[in-house]
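Everything on this sheet refers to the single structure shown next.
The values are calculated or read from the model by the stated rules, or taken from the named source; none is laboratory data. For clarity, every value in this text was computed on a predicted model and none was experimentally measured. For neighbour counting, all protein chains shown are included, and Cβ atoms are generated from backbone atoms with ideal geometry for every residue, glycine included. These area figures cover heavy atoms from the full protein model, side chains too; ligands, DNA and RNA do not enter into them. Shrake-Rupley method; radii C 1.70, N 1.55, O 1.52, S 1.80 Å.
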Amino acid sequence: MLQTLHSIVQEVNAARGLDHALNIIVKRVAETTEVDVCSVYLVDPDTHEYVLMATRGLNPDAVGRVRLRMDEGLVGLVGERKEPLNLEDAEAHPRFRYFPETGEERFHSFLGAPIIHFRRLLGVLVVQQTARRRFGEEEVAFIVTMAAQLAGAIAHGEATGTTSLLAGGGGSLAKRPMTGVPGSPGVAMGQAMVAYSPADLFAVPDRPAEDVDREIAAFHAALTAVKEEVKDMAARLANAVSSDEHSLFDVYLRMLDSESLVKGTEERIREGNWASGALRDSIARHVSVFDEMEDPYLRERAGDIRDIGRRILMRLQLDSGDQRSVPEGTVLVGEEISASQLAEIPTERLVGVVTARGSGNSHVAILARALNIPAVMGVAELPVNRLEGREVIVDGYSGRIHIDPGPGAKKEYRRLLREDAELSEELQALRDLPAETPCGYRVGLYANTGLMADITSSLASGCDGIGLHRTEFPFMARERFPGEDEQTLVYRQVLEPFVPRKVVLRTLDVGGDKPLPYFPVREENPFLGWRGIRLTLDHPEIFLTQLRAMLRANTGCGNLHVMFPMVSRVAEVDEAVGLLERARDELLEEGIEVEMPQIGVMVEVPSAVYETDRLAAKVDFISIGSNDLTQYLLAVDRNNARVADLYDELHPAVLSAMNHVVQAARPHGTSVSVCGAMAGDPVAAILLLGMGVQGLSMSVSSLLKIKWVIRSFSRKKARALLEQAWSMERPQDVRYLLNGALDEAGLGGLIRAGK
Ligand code: PEP
Ligand code: MG
């Protein structure tokens, strides 16, 4: 069964669009389960009806024509109950409804399973048989599994807008936003351009063939060139390998001549795709056929076909030069986008970035933030190779994107863009005013930085300093650990411009979602693994180099604050401080005048929350890393779009933990600030003000918005709102309450801009 399922899934994945996928499914399911009928009914969200979308066994003319109300028939019942329905005699069931156009009166037994994607009912998968019988447990399990798989394919089909049968009445299927995680705040509207590695055949995007004949000719020229290549190879190796092994080249040549590759690709080009996209589909189809084969030798051939595909692709690219012009308003999309791919796009044409994988800490997200370009990361269902040239809205606040947005969404986002622009203009007036509440309480407002570009914009923003400088970037951007002199130079460039304002340099926080290419760490569960202070304490040679560089950079500046990430036990702080002292002593011995900086820890792990009292006694300052703290407290991966809805910093447990930290640190006179994304959320800032945090550190683009909040709410008012929030169980109620307060204070413009 598993093998069959696997092969159906492979075939479905290689399908051209949803209709094709559905037809494969009904055919293969009917064959596998030996039933007389297999059909798929999908929900048309516009008309709230089920539509027969594909069938094997019923009258094919009924496809697209048979429509049922949501509460109609056995199909409706399966959808209502959201569980399988297994009937020996369907006609005898009170909910049976007969559709003459399907010719289904002959079928007695009925098995239906709902197709559900993330709680949303998409349709119903049905099998039927003439004979009266109850389907066996294995068959039910198979159909349920198939329906679950189908849900993913349909969600994908929605995204690509390939639900052509519904195009008349249900065109809005494609308009549902897709969820990722926020990478860089802001909103953008533009045209997708797919970033892909030229050597990766399966990453090639669809693109309309501008000149079908030219594309076909290019394909044939590439085929011929690859045949020559293979013949050359064969000739070169003729004496070195046995005749058996040599026959492999004949296999290659036969594949290059095979009807399905040549004609199949031509046909796909005639259907409108360019040669590279058509080739990708032909090869995928071939690969899936070989992958399914029982014979392990033949299965291995799938690898050869991939190889052939890559060779033809390379030829096509060589011949065409594959030069794409970058239009104005480009949204760069990709499975993953490297910093260099992003850098190739002229910044004045780039309006947004979207990736299928990666997190808010990926290089490209860090760069996007520095460039002030909205970005959404980790959109798992992103149909990357169907996106070239399509219209995309990127909502970097909520981590959502819209593909081919409808007029309603476009209008709404145009309004938001306008409001965002007006707001930033209005906020400029606050630049030189202090972040002080109407009652005279001063909150330190700091910038989060990581790149040199951040430093320039932070300086211009009028912030009180840097509350979190992520030191990972120079480590990620090199091919080896940077040396002490290199690091000293980098840190000095951060410290010097801000003197006398404080600058918090965080020690290396790699691991988790921040890997180093030259220091691979493979772990089942990297977020609970070797990251942050754990890794650097285990590698004192790396840690000491960094600490020495920080101390040296501080000579003549005096504004250095050193902060340790991912602390989960007090002993780690003792050890880290011990190493810092050693670094200082070594430098003094070497005759370099350095002084001990202010020392702080990040509280971003639940155990640290409950150790605040002890930690506060040992350090000068505490900074709450709300990104990780929320992730660890709620057990929600901060980079997993599937559970993004569960990730909420306004969850009562998160608020309560943060309040605990603030209160427990107070008797020690240790300052507490917040440096996660929460600090830049206007709604959360009110609560943090109410708790009495002394500093907020955020991405530069949020600074003035938060200053506006602080200048508008007295501490008394903020405390009262915090009290009210305590009494609430649901994060969304807390947000509602605080949005109301923002509105009342005349800061309604921030409601959307914050999140
Ligand atoms: C945090 O976890 O809140 C934080 C600021 O650190 P990072 O996002 O770099 O993990
Ligand atoms: Mg963190």
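Identify all residues within the range 510-545 that are modelled with pLDDT of 95 or more, within 16 Å of ligand 1 (Cβ to nearest atom) and in contact with a helix residue (DSSP H, G or I) (Cβ under 7 Å, 6 or more places away or on another chain); write none if there are none.
Correct list: I533, T536.
Conditions: (1) out of contact with any strand residue (DSSP E or B) (no Cβ under 9 Å at 6 or more places or on another chain); (2) not in a loop (DSSP other than H, G, I, E, B). V392 meets all but one. Number of the miss?
(1)
Please go through the range 23-40 and pick out each residue that is in a helix (DSSP H, G or I) and without any contact (Cβ under 8 Å) to a residue 60 or more places away in the chain.
Result: N23, I24, V26, K27, R28, E31.
Out of everything in the range 506-525 that is more than 11 Å from ligand 2 (Cβ to nearest atom) and closer than 14 Å to S362 by Cβ, what residue ends up being nearest to the chain's Cα centre (by Cα)?
Per the criteria, the residue is P515.
With respect to the numbered conditions (1) out of contact with any Cys (no Cβ under 9 Å at 6 or more places or on another chain); (2) within 16 Å of ligand 1 (Cβ to nearest atom), which one is the sole condition not fulfilled by M563?
Here M563 clears every test but (1).
All but one of (1) within 24 Å of the chain's Cα centre (by Cα); (2) closer than 15 Å to E575 by Cα hold for I542; which doesn't?
(1)
Determine which member of the set V709, V683, V672, V661 is touching a Phe, Trp or Tyr at 6+ places or on another chain (Cβ under 8 Å) and within 21 Å of N448 (Cβ to Cβ). Spell out how you get there, then give the answer.
Values: V709 fails: touching a Phe, Trp or Tyr at 6+ places or on another chain (Cβ under 8 Å); V683 fails: touching a Phe, Trp or Tyr at 6+ places or on another chain (Cβ under 8 Å); V661 fails: touching a Phe, Trp or Tyr at 6+ places or on another chain (Cβ under 8 Å).
Sole residue among the options that is touching a Phe, Trp or Tyr at 6+ places or on another chain (Cβ under 8 Å) and within 21 Å of N448 (Cβ to Cβ): V672.
Looking for something touching a residue at least 60 places away in the same chain (Cβ under 8 Å) and either under 20 Å from H156 (Cα atoms) or assigned to a helix (DSSP H, G or I) (or both) - is there at least one such residue anywhere in the range 52-61?
yes
Of all residues being within 23 Å of D645 (Cα to Cα) and of a type outside the set (K, R) in the range 115-139, which is most open to solvent (accessible area, probe 1.4 Å)? Just the residue, please.
Among those residues, the one meeting the criterion is F118.
In this structure, is D628 in a helix (DSSP H, G or I) and within 16 Å of ligand 2 (Cβ to nearest atom)?
Yes; evaluated as a whole, the condition is true for this residue.
Tell me the helices (runs of 4 or more DSSP H) entirely within the range 219-327 that contain at least 2 residues that are at pLDDT below 75 and either of a type outside the set (F, W, Y) or within 27 Å of R390 (Cβ to Cβ) (or both).
243-257, 296-320
Residue under question is V490, and the condition is that it be out of contact with any helix residue (DSSP H, G or I) (no Cβ under 8 Å at 6 or more places or on another chain) and either more than 16 Å from ligand 2 (Cβ to nearest atom) or not aromatic (F, W, Y) (or both); does it hold?
no
Sort out which residues of the range 438-462 are surrounded by 21 or more Cβ atoms within 10 Å (Cβ to Cβ) and either within 16 Å of ligand 2 (Cβ to nearest atom) or at pLDDT 95 or above (or both), and write them in order of number.
Across the range 438-462, the qualifying residues are V443, L445, Y446, A447, N448, T449, G450.
Kindly establish whether V594 is touching a Leu at 6+ places or on another chain (Cβ under 9 Å), within 16 Å of ligand 1 (Cβ to nearest atom) and open to solvent by less than 70 Å² (accessible area, probe 1.4 Å).
For V594, the condition - touching a Leu at 6+ places or on another chain (Cβ under 9 Å), within 16 Å of ligand 1 (Cβ to nearest atom) and open to solvent by less than 70 Å² (accessible area, probe 1.4 Å) - is not met.
Condition check ((1) within 17 Å of T536 (Cβ to Cβ); (2) under 39 Å from the mean Cα position of the chain (by Cα); (3) not in a strand (DSSP E or B)) across all residues:
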{"site": "A571", "(1), (2), (3)": "yes, yes, yes"}
{"site": "A576", "(1), (2), (3)": "yes, yes, yes"}
{"site": "L588", "(1), (2), (3)": "no, no, yes"}
{"site": "M596", "(1), (2), (3)": "no, no, yes"}
{"site": "I599", "(1), (2), (3)": "yes, yes, no"}
{"site": "A616", "(1), (2), (3)": "no, yes, yes"}
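Please state which one of P652, P667 is away from ligand 2 (no atom under 14 Å from the Cβ) and over 27 Å from R735 (Cα atoms). Break it down into steps so the answer makes sense when it comes.
Working: P652 fails: over 27 Å from R735 (Cα atoms).
Just a single option satisfies the conditions, and that option is P667.
In the list V674, V709, V661, which residue meets the criterion of being more than 16 Å from ligand 2 (Cβ to nearest atom), at pLDDT 95 or above and crowded, with 18+ Cβ neighbours inside 10 Å?
V709
For the range 604-617, give me each residue that is open to solvent by less than 60 Å² (accessible area, probe 1.4 Å) and free of Cβ contacts under 8 Å to residues at least 60 places away in the same chain.
V605, P606, S607, A608, V609, E611, T612, L615, A616, listed by residue number.
Does any residue of the range 341-357 turn out to be assigned to a loop (DSSP other than H, G, I, E, B), under 17 Å from the mean Cα position of the chain (by Cα) and buried (at least 24 other Cβ atoms within 10 Å of the Cβ)?
No, that holds for no residue.
Select, from R65, R81, R56, R28, the only residue that is open to solvent by 40 Å² or more (accessible area, probe 1.4 Å) and in contact with a helix residue (DSSP H, G or I) (Cβ under 6 Å, 6 or more places away or on another chain).
R56
Is one or more of the residues making up the range 685-698 surrounded by fewer than 24 Cβ atoms within 10 Å (Cβ to Cβ), modelled with pLDDT under 95 and either within 14 Å of ligand 1 (Cβ to nearest atom) or over 23 Å from P565 (Cβ atoms) (or both)?
No: the range 685-698 contains no residue that is surrounded by fewer than 24 Cβ atoms within 10 Å (Cβ to Cβ), modelled with pLDDT under 95 and either within 14 Å of ligand 1 (Cβ to nearest atom) or over 23 Å from P565 (Cβ atoms) (or both).
Condition test on V577, is it open to solvent by 10 Å² or more (accessible area, probe 1.4 Å), closer than 26 Å to D464 by Cβ, in contact (Cβ under 8 Å) with a residue 24 or more places away in the chain and not assigned by TED's automatic domain parsing to the domain that holds N640?
So V577 passes the test.
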